[in-house]
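In what follows, a single structure is set out as C-alpha cells and then discussed.
The values are calculated or read from the model by the stated rules, or taken from the named source; none is laboratory data. Because the structure is predicted, anything quoted here is derived from the model rather than measured. Neighbour counts are summed over all protein chains in view; Cβ atoms, including those assigned to glycine, are modelled from backbone coordinates with ideal geometry. To get the accessible areas, we keep the full protein, side chains included, count just its heavy atoms, and leave off ligands, DNA and RNA. Shrake-Rupley method; radii C 1.70, N 1.55, O 1.52, S 1.80 Å.
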Amino acid sequence: GLSASSNWDASTVSLHTPVAQLDSALALFAEVALRPAFPQNEFERIRRDRLTNLLQLKDRPTAIANQAYAAILYGSNHPYGRQLFGSEASVQALTTVDLQTFYRSNFVPNNSTLIIVGDVNPAQVEAKVQALFGGWQRGQVAVASLADPPRHSTTTVYLIDKPGAPQSSFRIGGIGVPRSTRDYFALSVANTILGGSFTSRLMQNLRETRGYTYGARSAFDMRRAAGPFTASAEIVAEKTDSALIEFMKELNAIREAVPAEELSKAKRYMQLGLPSGFETTQQIANALAPVAVYDLPLDYYNNYVQNVEAVTQTDVQRVARQYINPASLAIVIVGDRKGIEPGLKAVNAGPIVIRDFFGLPVAP
C-alpha cells in the first residue's frame, strides 16, 4: 500500500510492501515523493470531496465543537486556530499552483527523514535509496512563524446553539505545551490519571458513576508549538449542567496530591502499553516518525519505561498546577441553547458567551 497524509507538523508518504516487491515498490514510492504531478482533474475531484465533507461536518456537533474550540483558543490568525481540513473559503481558493509551491518549499531532502523497517540489509537498502533519491536537490526550507495566541485570563463558557441536539459536546481547556517540553513524562502520567485511560478519573466519574456519557477524556496535544489541552465528552443534554460541575471538580482535584496507588497504576498502564505499539513493521515506523519530526533522542524508547517510573507525586502535582488552571479555562459547549442555558447559568462556572459554529461572536 502507498499513502500520503499530513498533520500539524509533518507530511508523510508511506509505503508498505512485501520484501520480494521492494525494488518496484520503492521506485513507485520515489516517483510519488519526488515527482508529484498534481493533475487538474484529480485536484478537482478531491476538492469536490473535501467541500462535500465540510458541508457534512456542519451538521456534526462534535466537529462544530472541535472547530470552535480551536478558533476560540488560538484565534483565526494562528494556524492552530484553523482546522486541518480547511474551510469552504480556503478549499475554494486553492489552485494546483499553490500545491506545487508548497511542495517545492517543503519537500526537500534537508527537511526530510526516510524510515525503513523490515527484513532488509541496511547496506543494500541504502544503495537502492541512493540510486532513487541521490539526485534530490537540497533547498531553502520555509520556516513558519507562529503568532502568539490570545491570552485567556478568566474562565468563560462559550455556548454554541444546535437546536434540538440530544447531546451537548464539551471541549474544556486551554493552551498546553509543545512536544519539546521537559515535563513530557510528568504531564503524560498526570493526564493518564485525569482522562487518558479507561480507568481515568473523568471516565470513572462521568461514565461509570453518573452515566452522563459513553466516554470522557483529556489530552495534551503536543505539537511543534504549544498545542491545546482538552477535556472532552458528549453529554446527554439534560445532564449538561451536572456534567460541567463534575468536569470542574476533576480539573480542580488533579491539582491536589495524587494517591501513591493511583500514580503507580497510571505508570504501569503507560509502561505495559508500550510494546503493543511495536508489533508490526508499520507500527515501528510510525513510532519512529515523532523521533525525527520532534528531534527526540535516539534512545527515547529505550529509556521510556525508566522515565515514566521516575515521575513522582510531586512532579504530577507541579505540572497539574502549572498547566491546568481552572481559573482560566475556555469551556466550549455545543448543544440546544434553549434547554441547557438556564442550568449552565446556575452552575456559574464563568460568564456565558454565545458563539457561532466557527467560534465567532454572534451579533445580538
- line: Normalised Cα Rg of the chain, dividing by 2.2 N^0.38 Å with N its residue count, works out at 1.11
query: Carbon and sulfur together cover what percent of the accessible area of the chain at a 1.4 Å probe radius?
result: 53 percent
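Per residue, how many Å² of accessible area does the stretch 223-364 show with a 1.4 Å probe?
Result: 52 Å² of accessible area for each residue.
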query: What share of all Cα pairs of the stretch 1-154, in percent, falls into each consecutive 10 Å distance bin?
result: 8, 29, 31, 21, 10, 1, 0
- prompt: Can you list the lysines whose alpha carbon sits under 22 Å from that of Lys239, skipping same-chain ones fewer than 8 residues off?
  reply: Lys162, Lys249, Lys338, Lys345
message: For Cα pairs less than 8 Å apart in space and 6+ apart in sequence, what is the mean separation divided by the residue count of the chain, i.e. the relative contact order in percent?
response: 26 percent
field: Virtual spin-label span in nm between Lys128 and Tyr304, 7 Å along Cα→Cβ
entry: 2.6 nm
field: Candidate aspartates and glutamates - alpha carbon under 20 Å from Lys128, same-chain residues fewer than 8 apart omitted
entry: Asp23, Glu31, Asp119
task: Could you please report the charge total around Asn191, scoring K, R as +1 and D, E as -1 over all other residues with beta-carbon less than 15 angstrom from its beta-carbon?
output: +3
query: For the stretch 1-81, what is one quarter of the convex hull surface built on the Cα atoms, given in nm²?
result: 7.7 nm²
- prompt: Can you give the three extents of the C-alpha atoms in the stretch 281-364 along their principal axes, from longest to shortest, in whole Å?
  reply: 55, 35, 20
task: Just flag the chymotrypsin sites (Phe, Trp or Tyr not before Pro) in the stretch 90-121 sitting in loop per DSSP whose Cβ has no more than 11 other Cβ atoms within 10 Å.
output: none
message: If I take R0 = 51 Å and measure r between the Cβ atoms of Phe102 and Ala253 in this structure, what FRET efficiency does the formula 1/(1 + (r/R0)^6) give, to the nearest 0.05?
response: 0.70
message: Using the crude model of +1 on Lys and Arg Cβ and -1 on Asp and Glu Cβ, and no other charge, please compute the dipole size for the chain relative to its Cα centre, in debye to 20.
response: 640 debye
- prompt: For Ile46 and Gln83 in the same chain, what is the full-extension length gain: residue separation times 0.36 nm, less their Cα-Cα distance, in nm?
  reply: 11.6 nm
